Amino acid sequence: MIEVNNLSKRYGRHLAVRDVSFAVARGEIIGFLGPNGAGKTTTLRMLTGYLPPSSGSATVAGFDIFRQSIEARKRIGYMPENVPLYDDMRVREYLAFRARIKGLSNGDARRRVSHVIDTCGLEGVRRKMIKTLSKGYRQRVGLADALVHQPDLLILDEPTNGLDPIQIRQIRELIKHLALNHTVLISTHILSEVEMIASRVIIIDGGKIKAADTPQNLISEMRAAGRVQVEMQAPADVATPLLAELPYVKKVSSQEMEDGWIRFMVWADSGTDTRESLYAVAAHNHWPLRSLFRHEATLEDVFVELTRKD
């Protein structure tokens, strides 16, 4: 569905996107992630034809987004981070207007507007003025606008921006439903949402792709997956070197807690589980043990690990 090859964008001396290459297959939900200023939005704007690239190429549904821009745009539904809406229009009126702009005939426009109103849960507000809508419904109108011409590809830039937890859950379920008939490229800072719905994740930082894989594969490779927290009554100067000598252990730190117990953080190789060995050391030395917890890595851990500056 998407083929991007060595795509770059320069603003004066600043190279915002650097030789980015990736591919998205039909029917995938892709999480496109990166910290602020990483090049996410610039890349999305180039893919949708809003910005010309400085170099490189990209195609959507087989159409070059620069040399065949009109045909490529027909296959793309784009929802920007700040959805531009006409506040003085009613919801149905606005969607019909947008459908006609996108080239639909009167009959097709009526059918598609009815369909997206139903799909995006706008039936109860279809006659309301857009300026009276809540943030959640405004996002739904923006999504309906992106869908009204029945695109093959949906590009969603921060679709849950500013929503409350209930609204975020509703939009998440809606995106999962839309993925049955559309390829979805979603950019967001809410990594837990991406972890739940994305089939694959692309992480960009400093204008470069840092990782591209399934959330599960990225998490399994994380060094944080081998981190274990131990709370026990043991002299830190004695216990720390003993724990550090255990197999697969890379680093040990300690901290005295307010109640006198010592909290040890043990970093081990990814894919290993050192809890049994840690327990054996505590038992052998008769150190009281009250907590032994293995940290389960998340997509957020992966993101922080790949984009950290230290």
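FYI, it's all coordinate maths here, none of it is from the lab. Only a predicted model underlies this, so the values are computations on that prediction, with no experimental measurement involved. All Cβ positions, glycine included, derive from the backbone under ideal geometry; neighbour counts span all protein chains shown.
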- prompt: Of Pro159, Pro235, Pro151, which is the most mobile in a GNM of the chain whose springs link Cα atoms less than 10 angstrom apart?
  reply: Pro235
- prompt: Over the chain, what is the mean sequence separation of C-alpha contacts under 8 Å (at least six apart), divided by residue count, expressed as relative contact order in percent?
  reply: 19 percent
statement: In whole Hz, the Karplus estimates of ³J(HN,Hα) for segment 271-281 (6.51, -1.76, 1.60; θ = phi - 60°; x where Gly or Pro) are x, 10, 10, 9, 4, 5, 5, 5, 5, 4, 5
statement: Going residue by residue through segment 113-125, the Karplus relation 6.51 cos²θ - 1.76 cosθ + 1.60 with θ = phi - 60° gives ³J(HN,Hα) values, rounded to whole Hz and with x marking Gly or Pro, of 5, 4, 5, 6, 4, 5, 4, 8, x, 10, 4, x, 10
- request: Round to the nearest 10 and give me the degree value, 0 to 90, for the angle of helix 165-178's Cα axis relative to the longest principal axis of the chain.
  value: 60 degrees
- request: With unit charges on the beta carbon (Lys/Arg positive, Asp/Glu negative), name the residue among Asn36, Thr119, Asn82 whose Cα is farthest towards the positive pole of the charge dipole of segment 25-143.
  value: Thr119
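Under the definition of Cα pairs under 8 Å and six or more residues apart, what whole-number percent is the relative contact order of segment 224-298?
Values: 143 pairs, mean separation 35.4, N = 75.
So the answer I get is 47 percent.
Might you report the magnitude of the Cβ-based charge dipole of the chain about its Cα centre, with Lys and Arg at +1 and Asp and Glu at -1, to the nearest 20 debye? Write down the numbers at each step before the final one.
Numbers: 42 positive and 37 negative charges, 380 e Å.
Around 1820 debye, computed over the chain.
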- line: Taking placed amide H atoms and a strict 5 Å upper bound, the residues 5 or more places from Val17 or on another chain that come that close are Lys9
message: Quick query: amide H of Arg200 versus all other amide H atoms, modeled in the peptide plane; which residues come in under 5 Å with a sequence gap of 5 or more or a different chain?
response: Ile29, Gly31
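Determine the sum of side-chain charges near Leu153: Lys and Arg each +1, Asp and Glu each -1, restricted to other residues whose C-beta is under 11 angstrom from that of Leu153. Walk me through the numbers before you get to the answer.
Working: positive: Arg26, Arg73, Lys74, Arg75; negative: Glu28, Asp152.
Combined, the nearby Lys, Arg, Asp and Glu give +2.
Only sites in a loop by DSSP and with at most 12 other Cβ atoms within 10 Å count here; which trypsin sites (Lys or Arg not before Pro) in segment 211-309 make the cut?
Details: sites: Arg223, Arg227, Lys250, Lys251, Arg263, Arg275, Arg290, Arg294, Arg308, Lys309; in loops: Arg308, Lys309.
Sparse-neighbourhood loop trypsin sites (Lys or Arg not before Pro): Arg308, Lys309.
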- request: Quick one: what are the phi-derived ³J(HN,Hα) couplings along segment 56-67, Karplus 6.51/-1.76/1.60 with θ = phi - 60°, whole Hz, x for glycine and proline?
  value: x, 8, 7, 10, 10, 6, x, 9, 5, 6, 10, 7
query: Lys pairs in the chain, Cα-Cα under 26 Å, at least 8 apart or on separate chains: how many?
result: 26
Helical contribution to [θ] at 222 nm, DSSP H n ≥ 4, -39,500 (n - 2.57), averaged over the chain, rounded to 500: -10000 deg cm²/dmol
- line: Of Ser220, Ser199, Ser134, the most mobile residue in a GNM of the chain (C-alpha springs, cutoff 10 Å) is Ser134
statement: Least to most buried among His295, His286, His177, by other C-beta atoms within 10 Å and fewest first, runs His286, His177, His295
